[in-house]
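Report on one structure; see the data block that follows.
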Amino acid sequence: MNLRMSFKLLRDPYFISAFSASIPPGFKESDLTTAIIEYDNKLCERVKELLSNSVASLELDGGKDVNSQKLIGLGVLKDGRCLCWDLLDSDGDTLDTGYYDTVITDAVLKMEKDGLFIASITVDNEASPNAGISQAIIEGSLKWLLHFRCGCHTRAGIANGGSGKSNSLSCFSYKETVNLPNLQRYANREIEYIVMCQWKKWQKFADIVGLPQEYRTSDPQTDDEKQTNFILSCRSDLMKHVTTGDTAIRTARAHFLRESKTAEEKLKHCDKLPKPSKDSKAHAFNLKAYWESIGADIPALFVLYYVLSCCAASEAGVERFFSTEGLFHDDVRSSISPVITKAVIRTRWNHDLVKRQYVKEFPMDVQDVEFDE
């Protein structure tokens, strides 16, 4: 059903005659509203099951609806897909530092209660959201959270003559020469920063992040020795990886380079990027497969890679929520409620992933629901 069409139009005899379509007798607007909300609630439960016992990244962005009302979107990046976690209508709220602090803290702690480890949050370069995140990290209860500003917005700011705001991680300047000593110095600093920020959470979610047994402790508050040993192991693993002194790493790297060059040659003859086949295990070259193949040789560094690979580089996934919102919340349907708006958007962005993961094992209790391939 096209959500721009009103029930009055769908019941019009000329419309029914022209398109041979009609709605069931006695079916009312309230029935559709109830069905949408019930389906969204079922889908949310499936999403929580899917996200539990995993590492993910939170994305946050703001937009406006047709009534110029500010909307706040929260997305969860999982396996390269952004799921819609929440869409907040800020009617009557003051969007200051305290607002974003509360919204982000509540969302992250609720996700953690559901068994999801949120490693980072990514937003654009607007002042209030970033200030709210900084307050939640520095003064609040989210001290482990890695704070990223959208890479696309940051690069655009630099290209337009601005400095671009830095992330919570220490990034090296564009003006500096990236040679091995500089790389080692900055990498060691970032390794120490990340580990010290997230060490307690890694202990709590040790099985999820794959923390090796020799670094696990029941008392991360006072057991600093294992944290120090882990940092030293990460630095050692990094040098082993950079200098390729290990035979297994050299072999894996050579294989990865061959596959990437082959993929590059194929792309030169394509008008657009090809979609990956559903039957193939991965794209032409697979960064995750590369790291998994050498994970046993550099186990400490692999934990760091795994956590960072779950972090979002931009909040573009949430921006797409607002594009979807604009398709049906327009001048014709300007009075649609925030509850229905959120339910429709979450259904649009979540049901495909839930279908792939669960529909064969756990059929949803909704009849006559057709899934598009």
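The values are calculated or read from the model by the stated rules, or taken from the named source; none is laboratory data. This is a predicted model, so every value here is computed, not measured. Every residue, glycine as well, gets a Cβ built from its backbone with ideal geometry; the counts of neighbours run over all protein chains shown. In case anyone asks, the SASA skips ligands and DNA or RNA and just uses the protein heavy atoms, side chains included. Shrake-Rupley method; radii C 1.70, N 1.55, O 1.52, S 1.80 Å.
For region 70-84, residues that are free of Cβ contacts under 8 Å to residues at least 40 places away in the same chain and within 17 Å of Pro129 (Cβ to Cβ) total 2. Here the helices (runs of 4 or more DSSP H) wholly within region 1-90 that include at least 1 residues being under 23 Å from Pro338 (Cα atoms) are 7-10, 29-51.
Filtered by the rule that a residue be closer than 16 Å to Cys150 by Cα and acidic (Asp, Glu), region 316-334 gives a lone residue, Glu319. The single condition among (1) touching a Leu at 6+ places or on another chain (Cβ under 7 Å); (2) in a helix (DSSP H, G or I); (3) at pLDDT 90 or above; (4) closer than 30 Å to Ala289 by Cα that Lys342 does not satisfy is (4).
Taking the criterion of being touching a residue at least 40 places away in the same chain (Cβ under 8 Å) and open to solvent by less than 80 Å² (accessible area, probe 1.4 Å), the residues of region 2-34 that qualify are Leu3, Ser6, Thr33.
Considered as a group, the residues in region 158-207 that are among the aromatic types (Phe, Trp, Tyr) and at pLDDT below 50 include one that is nearest to Ser120 (Cα to Cα), and that residue is Phe172. It is to be established whether one or more residues within region 222-242 are of a type in the set (Gly, Ala, Ser) and assigned to a helix (DSSP H, G or I). Yes, region 222-242 contains at least one residue that is of a type in the set (Gly, Ala, Ser) and assigned to a helix (DSSP H, G or I). Of the residues making up region 299-346, those that are open to solvent by 20 Å² or more (accessible area, probe 1.4 Å), under 22 Å from the mean Cα position of the chain (by Cα) and β-branched (Val, Ile, Thr) number 1.
A quick yes/no check of all residues on (1) under 20 Å from Leu51 (Cβ atoms); (2) in a loop (DSSP other than H, G, I, E, B); (3) aliphatic (A, V, I, L, M):
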| position | (1), (2), (3) |
| --- | --- |
| Asp93 | no, yes, no |
| Asp106 | yes, no, no |
| Ile118 | yes, no, yes |
| Ser134 | no, no, no |
| His147 | no, no, no |
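Only residues that are among the polar types (S, T, N, Q), within 15 Å of Ser57 (Cβ to Cβ) and part of a helix (DSSP H, G or I) were counted in region 298-330, giving 1.
Pairs linking a residue in region 48-59 that is open to solvent by 10 Å² or more (accessible area, probe 1.4 Å) to a residue that is among the polar types (S, T, N, Q) and at pLDDT below 90, with Cβ atoms under 6 Å and 6 or more positions apart or on different chains, are Leu50/Gln357. Of all residues in region 255-297, none satisfies the criterion of being within 23 Å of Arg81 (Cα to Cα), part of a loop (DSSP other than H, G, I, E, B) and modelled with pLDDT of 85 or more.
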